[in-house]
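Chemist: Pasting a structure below so you can have a look.
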Amino acid sequence: MQLILLLITLLLSVVLYRLLSHSRTTYPFVRTTRVFRREGHSEYSTTEAEEGLITIDSDKVIIDGHTYVTRPDRGRPAEASFTIEDGKLICITIILANGEKQYHIDPDHSLFVNPYAENISRSPSHHVFSF
């Protein structure tokens, strides 16, 4: 009986370790901007006060249960990109068929923890990139 309890404890410890060591980060957003593009290169935008959570994993962004890839993969272009300014995540842009939707991060919770930070130069300029 003790052996079974020990095995269960070890199994649960491994599962808990894997869950906690995952590189996911969650950010709250406070508003969204929808940019619509039409033929003739005209565009217009609408801004709404929306709130929610965005989860960033190593290669994807999860917003309201929808997953968007941050790196091109198997012929699919990147669907999400990040705007980072002075080490803070300002905005996440999702590319849509007729434009894009920008999720503006709450400034109080915008410190960007990037698992690929060594690949990005540390200059004070404005960066827009996708993983």
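The values are calculated or read from the model by the stated rules, or taken from the named source; none is laboratory data. All values reported here derive from a predicted model rather than from experimental measurement. Using ideal geometry, Cβ is built from the backbone for each residue, glycine included, and neighbour counts are taken over all protein chains shown.
Chemist: Can you run down the residue pairs with Cβ atoms below 8 Å, 6 or more apart or on separate chains, where the first is in the stretch 67-80 and without any contact (Cβ under 8 Å) to a residue 24 or more places away in the chain and the partner is charged (D, E, K, R) and exposed (fewer than 10 other Cβ atoms within 10 Å of the Cβ)?
Modeler: VAL69/ARG76
Chemist: Here's another thing I want to ask about it. In the stretch 79-111, what count of residues is obtained for those that are in contact with a Pro (Cβ under 8 Å, 6 or more places away or on another chain) and either modelled with pLDDT of 85 or more or not in a loop (DSSP other than H, G, I, E, B) (or both)? Break it down into steps so the answer makes sense when it comes.
Modeler: In the first step, residues of the stretch 79-111 are kept if they are in contact with a Pro (Cβ under 8 Å, 6 or more places away or on another chain); the result is 86, 88, 95, 105-106, 109.
Restricting the remaining residues to those that are either modelled with pLDDT of 85 or more or not in a loop (DSSP other than H, G, I, E, B) (or both) gives 88, 95, 105, 109.
Number of matching residues: 4.
Chemist: Collect the residues in the stretch 1-37 that are touching a residue at least 60 places away in the same chain (Cβ under 8 Å) and either assigned to a helix (DSSP H, G or I) or farther than 18 Å from ILE94 by Cβ (or both), keeping them in residue-number order. Steps first, answer last, please.
Modeler: First, pick out the residues of the stretch 1-37 that are touching a residue at least 60 places away in the same chain (Cβ under 8 Å): 23, 25, 27-37.
Within the stretch 1-37, just SER23 meets the criteria.
Chemist: Also, I was wondering about something else. Only residues that are loosely packed, with under 10 Cβ neighbours inside 10 Å and either of a type in the set (Gly, Ala, Ser) or in contact with a strand residue (DSSP E or B) (Cβ under 7 Å, 6 or more places away or on another chain) (or both): list them for the stretch 1-22, please.
Modeler: SER21
Chemist: Here's a follow-up. Kindly indicate the residue of the stretch 56-99 that is closer than 16 Å to VAL30 by Cβ and polar (S, T, N, Q) and also surrounded by the fewest Cβ atoms within 10 Å (Cβ to Cβ) among those meeting that condition.
Modeler: THR83
Chemist: Next up: I'd like the residue in the stretch 62-78 that is outside any loop (DSSP other than H, G, I, E, B) and out of contact with any Ser or Thr (no Cβ under 6 Å at 6 or more places or on another chain) and, out of all such residues, is nearest to LEU89 (Cα to Cα). I'd like the intermediate steps shown before the answer.
Modeler: First, the residues of the stretch 62-78 that are outside any loop (DSSP other than H, G, I, E, B): 62-63, 66-69, 73, 76.
Restricting the remaining residues to those that are out of contact with any Ser or Thr (no Cβ under 6 Å at 6 or more places or on another chain) gives 63, 66-69, 73, 76.
Details: ILE63: 15, HIS66: 20, THR67: 19, TYR68: 17, VAL69: 17, ASP73: 24, ARG76: 24 Å.
In this case the residue turns out to be ILE63.
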